[in-house]
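Q: Encoded as structure tokens, here's the structure I'll be asking about.
The values are calculated or read from the model by the stated rules, or taken from the named source; none is laboratory data. From a predicted model like this one, the values you see are computed outputs, not experimental measurements. Here the Cβ positions follow ideal geometry from the backbone for every residue, glycine too, while neighbour counts run over all protein chains shown. Please note that ligands, DNA and RNA were not included when accessible areas were found on the heavy atoms of the full protein model with its side chains. Shrake-Rupley method; radii C 1.70, N 1.55, O 1.52, S 1.80 Å.
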Amino acid sequence: METTLTSDPRPETGEDTQEPLPPYLIRREPVLDQNRGLHGYRLKILWATEPPSNPDAGAALIESARAHGVNNFLAYAPHWIDGTPALLHNVFTATLPRNRCYIEFPESLEITPELIPSLQGLAHGGLKFSMRGDLAAQPERSALTPFCKVVCFDPGFSTKADIFRQSFQHKQAGRLLMAANVPDKASLDNFLLLGFTLFQGRWPSDLVSAASLTPRQKTLLRLITLIMGEGETPEIQACLQQDAELVKTLLDMVNTPAYGLSQEVESLNQAIMLLGRRQLQRWIQALMYTESGRPAGYLSPTLIQASARARLMESLSVLRHPEQTVRADAAFTTGMLSIMDQLFSSSMADLMSQVSVDVPVREALLRREGALGPDLRLATLIFPSDRDVEENPAPLLQALGVSAEQLDPLIQQAFTWAHGITRAAP
């Protein structure tokens, strides 16, 4: 049974005496399983201004979890969080759900006589810990290793020989193995052979031309073209009916609580009638990211991140331009289509040659420019895929004219909404 929030989450030193944290944003980097499904997230704090001192990222994570409620903040996915002093010595940490949190020991963590008893107390309560493989190999950190349930190896910090030898020892001890920033397909294959089951950062894949797409992928691209253009409803319906599994998935997704229909939709005709073209367009865009032939329990990271981007961009557009509903729709579409190059293992330019979209959407997708370019850059920063690099959020926020405080509830709402609609996706 998970721990509930019953204690006052203040550090033992007295939270009231601490200075307020500088503004920040939460970035969620997907952690994938060996099937390339979503396993969880690595949480990172992005400081929205140049911090005057050295703020504690763990304190920011606690503040966010308290503000949104820990269950909403984490949804149903495991999260890796920074094990900073502010987090490790805060009584709130003991209330974190033990099946959804991994506390990662950072390189900067100072090992003191007081630290080990604190870790023993947290571990006794069921919390799990994680550490980078090269740090676990250091003799001065040997006291931390027994607490770790996951060890992460990054080829940028460990040699191939070290990864081979050390990963075997950790696997024998019953620890899960994670690979970070895998440089190429050959390295990915080696990690899989060594028994690695978790992956953070880049997942290598080969690009294919649009001409090499599967029949289902071509059907999905055709649907996108019809729904974004002047395709008539019977034509859209006929295209959908070419794939019975697509129809079933669409109905399952439409019937999720995220849409809030008062009655269950039982047929494609009924879905089209009840949804209307605008909502049907959105669901077909989401449908594009569903993948057949995946194992039970598979969660599509592209569907979740694209959905979260779309919702965030729409909310941001409403915040900045409340009277422009067309712009909000275009923003949603931009976010939803922004990862389809990874879905189809093709270049965005190649895919854009086959899909008809408005100029602002095209400019944002191809070059991150135009009216929606900054919006997409921000959404990509918050909900990245495995190819998206981190950037300084301050110039983006200035260009958009919004603050981190204004964005915080929109980001959480987008995260919650995306996880809500994807529960029905195969």
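Q: So for the chain: antiparallel DSSP bridges make up what percent, rounded to the nearest 5?
A: Numbers: 13 of 33 bridges.
Of those bridges, close to 40 percent are antiparallel.
Q: Mind listing the Cα extents of the chain along all three principal axes, in Å, largest one first?
A: 71, 49, 41
Q: Still on this model: May I ask you to derive the relative contact order of the chain, considering only C-alpha pairs under 8 Å and at least 6 residues apart, and to give it as an integer percent? Write out the running numbers ahead of the final one.
A: Working: 652 pairs, mean separation 70.7, N = 426.
Over the chain, the number comes to 17 percent.
Q: Using only the alpha carbon atoms of region 220-375, find the Kirkwood hydrodynamic radius as the inverse mean reciprocal pair distance, in angstroms to one decimal. Working shown, then result.
A: On the way: mean 1/r = 0.0619 Å⁻¹.
That comes to 16.2 Å for region 220-375.
Q: At a probe radius of 1.4 Å, what is the per-residue accessible area of M348, in Å² to the nearest 10?
A: Rounded to the nearest 10, the figure is 20 Å².
Q: Going by the alpha-carbon gyration tensor, a ≥ b ≥ c the square roots of its eigenvalues, is region 29-77 rounded (a/c under 1.5) or, if a/c is not under 1.5, prolate (a/b greater than b/c) versus oblate?
A: Details: a/c = 3.68, a/b = 1.66, b/c = 2.22.
Oblate.
Q: Here is a further query. Go ahead and estimate [θ] at 222 nm for the chain from helices alone: -39,500 (n - 2.57) per DSSP H run with n ≥ 4, summed, over the residue count, rounded to 500.
A: On the way: 19 runs with 197 residues, N = 426.
Taking each H run of at least 4 residues, the total per residue is -13500 deg cm²/dmol.
Q: Between K248 and V389, what FRET efficiency follows from the Cβ-Cβ distance if R0 is 41 Å, with the result rounded to 0.05? It would help to have the intermediate numbers written out before the result.
A: Values: r = 37 Å, r/R0 = 0.91.
According to the calculation, E is roughly 0.65.
Q: Chymotrypsin sites (Phe, Trp or Tyr not before Pro), restricted to region 53-116: which are DSSP loop and have at most 12 other Cβ atoms within 10 Å? Can you show the working numbers first?
A: Numbers: sites: F73, Y76, W80, F92, Y102; in loops: Y76.
The qualifying sites are Y76.
Q: About its Cα centre, what dipole magnitude does region 107-227 give when the only charges are +1 on Lys and Arg Cβ and -1 on Asp and Glu Cβ, stated in debye to the nearest 20? Walk me through the numbers on the way to the answer.
A: Working: 13 positive and 10 negative charges, 139 e Å.
In total the dipole reaches around 660 debye.
Q: Let me ask something else. Quick check for me: using +1 on Lys/Arg Cβ and -1 on Asp/Glu Cβ, what's the dipole size of region 234-280 about its Cα centre, in debye to the nearest 20?
A: On the way: 3 positive and 6 negative charges, 45 e Å.
The dipole of region 234-280 has a size of about 220 debye.
Q: What are the equivalent ellipsoid semi-axes of region 41-111, built from the alpha-carbon gyration tensor (square roots of five times its eigenvalues), in whole angstrom, biggest first? Walk me through the numbers before you get to the answer.
A: On the way: eigenvalues 76, 43, 26 Å².
Output for region 41-111: semi-axes of 19, 15, 11 Å.
Q: When we measure straight from the Cα of K149, which lysines land under 18 angstrom away, once same-chain ones fewer than 8 places off are left out?
A: Output for K149: K128, K171.
Q: Among Q138, P204, A179, whose Cα projects farthest towards the positive end of the dipole of region 134-277, with charges put on the beta-carbon of Lys, Arg (+1) and Asp, Glu (-1)?
A: Q138
Q: Would you tally the net charge around G133, using a Cβ to Cβ cut-off of less than 9 Å, leaving G133 out, and scoring K and R as +1, D and E as -1?
A: Details: positive: R132; negative: D134, D154, D162.
Every neighbour counted, the sum reads -2.
Q: Oh, and also: Please arrange K248, K128, K185 by accessible surface area, largest first, computed with a 1.4 Å probe and ligands excluded. List each step's numbers first, then the result.
A: Details: K248 125, K128 60, K185 95 Å².
Ranked list, largest accessible area first: K248, K185, K128.
Q: For region 131-157 and region 221-289, compute the distance between their C-alpha centroids and round to whole Å.
A: So the separation of the two Cα centres works out to 48 Å.
Q: Considering only DSSP beta bridges with both partners in region 58-164, what is the antiparallel share in %, to the nearest 5?
A: Values: 0 of 11 bridges.
Of all bridge pairs located within region 58-164, approximately 0 percent are antiparallel.
Q: Which of the three applies to region 318-426, rounded, prolate or oblate, going by the alpha-carbon gyration tensor with a ≥ b ≥ c and a/c under 1.5 meaning rounded? If you can, show how the numbers build up before the last one.
A: Numbers: a/c = 1.42, a/b = 1.21, b/c = 1.17.
Rounded, because the longest to shortest axis ratio a/c is under 1.5.
Q: Pick from P97, P23, P257 the residue whose mean-square fluctuation is largest in a GNM of the chain, springs joining Cα atoms under 10 Å.
A: Looking only at P97, P23, P257, the largest GNM fluctuation is found for P257.
Q: Separate question: Express the Stokes-Einstein translational diffusion coefficient of region 343-395 in µm² s⁻¹, to the nearest whole number, given a Kirkwood radius over alpha-carbon pairs, 20 °C and a viscosity of 1.002 mPa s. Kindly include the intermediate steps, with their values, before the conclusion.
A: Values: Rh = 12.0 Å.
The diffusion coefficient I find is 178 µm²/s.
Q: Among the helices of the chain (complete DSSP H runs), which have Cα atoms covering no less than 24 Å along the helix axis and a Kyte-Doolittle mean of at least -1.0?
A: Details: long enough: 301-320 (28 Å, 0.30); 404-421 (25 Å, 0.03).
Answer set is 301-320, 404-421.
Q: Something else now. Starting from 0.36 nm per residue, how many nanometres of slack lie between E19 and H89 once their C-alpha separation is accounted for?
A: 23.5 nm
Q: Let me ask something else. Taking loop as defined by DSSP and a crowding limit of 10 other beta carbons within 10 Å, which GluC sites (Glu not before Pro) in region 238-344 fit? Before the final figure, lay out the partial values.
A: Working: sites: E245, E264, E266, E291, E314, E323; in loops: E264, E266, E291, E323.
Counting only loop positions with at most 10 other Cβ atoms within 10 Å, the GluC sites (Glu not before Pro) in region 238-344 are E264, E266, E323.
Q: From the alpha carbon gyration tensor of region 110-188, can you work out the equivalent ellipsoid semi-axes (sqrt of 5 times each eigenvalue) and give them in Å, largest to smallest? Don't jump to the answer; show the numbers that get you there.
A: Values: eigenvalues 128, 34, 22 Å².
Whole-Å semi-axes of the equivalent ellipsoid: 25, 13, 11.
Q: Between F157, F383, F199, which gets the highest mean-square fluctuation from a Gaussian network model of the chain, Cα cutoff 10 Å?
A: Taking springs between Cα atoms under 10 Å, the residue moving most is F157.
Q: Would you grab the residues whose amide H sits under 5 Å from the one on R42? Only those 5+ places off in sequence or on another chain, please, with H modelled 1.01 Å from N.
A: Hits under the 5 Å cutoff: E29, V31, W80.
Q: Just to confirm a number: summing +1 for Lys and Arg and -1 for Asp and Glu over residues other than L274 whose beta-carbon lies under 14 angstrom from that of L274, what do you get?
A: On the way: positive: R277, R278, R282; negative: E264, E266.
With Lys, Arg at +1 and Asp, Glu at -1, the net is +1.
Q: Which of G40, G121, G370 moves the most in a Gaussian network model of the chain with Cα springs under 10 Å?
A: G121
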